[in-house]
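Visitor: Below are the structure tokens for one structure; questions will follow.
Derivation of every value follows stated rules applied to the coordinates shown; laboratory data play no part. Here the structure is a predicted model, which is why all the values come from computation and not from measurement. We place every Cβ from the backbone using ideal geometry, glycine too, and count neighbours over all the protein chains shown.
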Amino acid sequence: MNNFDNLSIIIPVINELANLKKLLPILRQKYPGLTIIVSDDGSTDGTRDYIAEDAKTTTTPLIYLERKGNEFISSKNISDSLSEIFYSDKLKIRDTAGLTASVLDALLICTSENFAVMDADFQHPVELPGNLVEKLDDHTLSVAHRKTLKDFPPHRKLMSLFGNFISNSVLPSYARAKDPLSGAFAGKTEFFANMIETKEDFGLEGFKVLFDFLKLLPKDSKIANVGYDFQMRSMGESKIGFKQIRCFYRSVFDKHTVRFISGVLVLMVCLLIGNYLVFKYGDINLSTRIRALGKDYPSVSSAFRIITNYGHHLYHFIFLYILVIGYIKKRKDMIRLGWTYVMVQLLVSIAICGAMKMIIGRPRPRTGLYDFKHFSGKSRFRSFPSGHTTDAFSSAGVVWGYSRSYILSIIAFIFSGLVGFSRIILSSHFPLDVVTGMVLGFGGGLIITYIRFRKPETRRKSYGQDKNKSS
């Protein structure tokens, strides 16, 4: 009979006393010598009392983490140092409920060479941890996946398939698994414990701790996929709800991706509104109506003249200031932001917008209506798209893509809209010129900023190697 003193099985639970009473004896018989770590997220069904009594008599190492109550219970053959590690709450996540936080808490006190994570509800067969650990000799991580989904209801099948597709689509090729959201997996304890450098890398309230680990794997990682026959839950019910799903998608899409998606949605709404107005009233007719406002209200026209003359230049001074201060204070983030803005202006506002103006050669409202002069190069035939609008909205795109504040982003977007509107009311552009400049500028600013500031690959390191060399 094999000895499994090099294995710890982590079981995250909440109100699963009936399952634990069945599961623990089976695991002890199946894996003699293993360490069992029960990480409890606040059970009220007597789990704590049952484990406390069991720990007094068992010869198998047993650890119980009552996370909500901040209590550590263990069998006599467990070192007191593990209790000290638990109470130190290194990650300060004890007040955070969730499967991910439960697993991280447990992993930090693992002392065995290997660990495996599994559920207590018998959906994972007891043979699975052993099958997973067998693969660790030549793999970084072994992941369990259901061979079929035939017992799943249709909506759960859809959720599972879609979740796996989305997860693998954002993971690098070397970090993809057949079921990146699996609740059963195994790895080398030291390797993965070293990954837990900061809780910000993990969606603590979620249920997809495996996916968080996959995101951080180094490029030389090898993943083993271990199939198993899915078993229906013996007792209890699924813990997955809206909160967990929201947490998952927040983890899948990093903050820069979220900013990019939100910016695209805002741009699409504004584009639809702009196109609706242009097609309903006509580009030329709508231009005439807006220009009439300037004639009827001279004070409004004067205000917009200030905006049109200085509005887009305000962004230039702000980002120039950021770039200069970045160099003075040696702030790499500010320097990078400043040069990203310069790149956006050169590529979008000058190169692309300038080329479109010259090629299309649309006359300005004061010049004519239909007398296009392609490749003219003269200012009066450079109406489409609006350069001021493109300039302003490309700046707003950088702000939206980089800033953490949606309020600041919305202010920048609205201000850029005023710059664009000023070009219509002052007879410099048609509405379609402004709408196109908005799409070109804001879209270009968003895309370039997203590419430049998306979560860097440098976060994936060689974990678990030479950890203490510098100490």
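Visitor: Given the convex hull of the Cα atoms of segment 60-201, what is a quarter of its surface area in nm²?
Guide: Numbers: hull surface 40.2 nm².
Mean projected area for segment 60-201: 10.1 nm², to one decimal.
Visitor: Considering amide H positions built from the backbone, and no H for Pro or chain starts, which residues 5 or more places from residue 71, or on another chain, come under 5 Å of its amide H?
Guide: Correct list: 66.
Visitor: Let me ask something else. Can you sort 21, 188 by how many other beta carbons sit within 10 Å, fewest first?
Guide: 21, 188
Visitor: Moving to a separate point now. Dipole size in debye (nearest 20) for the chain around its Cα centre, Lys and Arg Cβ +1, Asp and Glu Cβ -1?
Guide: 2940
Visitor: For segment 255-453, what is one quarter of the convex hull surface built on the Cα atoms, given in nm²? Mind dumping the intermediate values first?
Guide: Working: hull surface 44.8 nm².
That works out to 11.2 nm².
Visitor: Using only alpha-carbon positions, what ratio does the radius of gyration of segment 1-82 give when scaled by 2.2 N^0.38 Å? Don't skip to the end; give the middle numbers.
Guide: On the way: Rg = 12.0 Å, N = 82, 2.2 N^0.38 = 11.7 Å.
Normalised Rg, Cα atoms only: 1.02.
Visitor: Let's test this: bin the Cα-Cα distances of segment 261-304 at 10 Å from zero up to the farthest pair and state each bin's percent.
Guide: 25, 31, 34, 10, 0
Visitor: Taking the radius of gyration and the Kirkwood hydrodynamic radius from Cα positions alone, what is the Rg/Rh ratio for segment 362-411, to two decimal places?
Guide: A ratio of 1.24.
Visitor: Also, I was wondering about something else. Looking at segment 10-101, what % of its DSSP beta bridges pair antiparallel, to the nearest 5?
Guide: 30
Visitor: Could I ask something else about it? Among 19, 269, 309, whose Cα projects farthest towards the positive end of the dipole of the chain, with charges put on the beta-carbon of Lys, Arg (+1) and Asp, Glu (-1)?
Guide: The Cα lying farthest towards the positive end belongs to 309.
Visitor: Restricting things to alpha carbons, find the Rg to Rh ratio for segment 92-153 using the Kirkwood radius for Rh.
Guide: Rounded to two decimals, Rg over Rh is 1.02.
Visitor: What pairs in 147/188; 21/56; 215/332; 157/208 have C-alpha atoms more than 22 Å from each other?
Guide: The answer is 147/188; 215/332.
Visitor: If you project the alpha carbons of the chain onto the principal axes, what extent comes out on each, in Å, largest first?
Guide: Projected onto the principal axes, the Cα atoms of the chain cover 94, 53, 39 Å.
Visitor: As a test, work out the antiparallel percent of DSSP beta bridges whose residues both lie in the chain, rounded to the nearest 5.
Guide: On the way: 11 of 32 bridges.
If we restrict to bridges inside the chain, about 35 percent are antiparallel.
Visitor: Students often check this: by mean Cβ neighbours within 10 Å, which of 272-283, 217-228 ranks highest, and how do the rest follow?
Guide: On the way: 272-283: 13.7, 217-228: 16.8.
The peptides rank, most packed first, as 217-228, 272-283.
Visitor: Also: Based on the mean of other Cβ atoms within 10 Å per residue, sort peptides 401-414, 322-335, 424-437 so the most packed one is first.
Guide: 424-437, 401-414, 322-335
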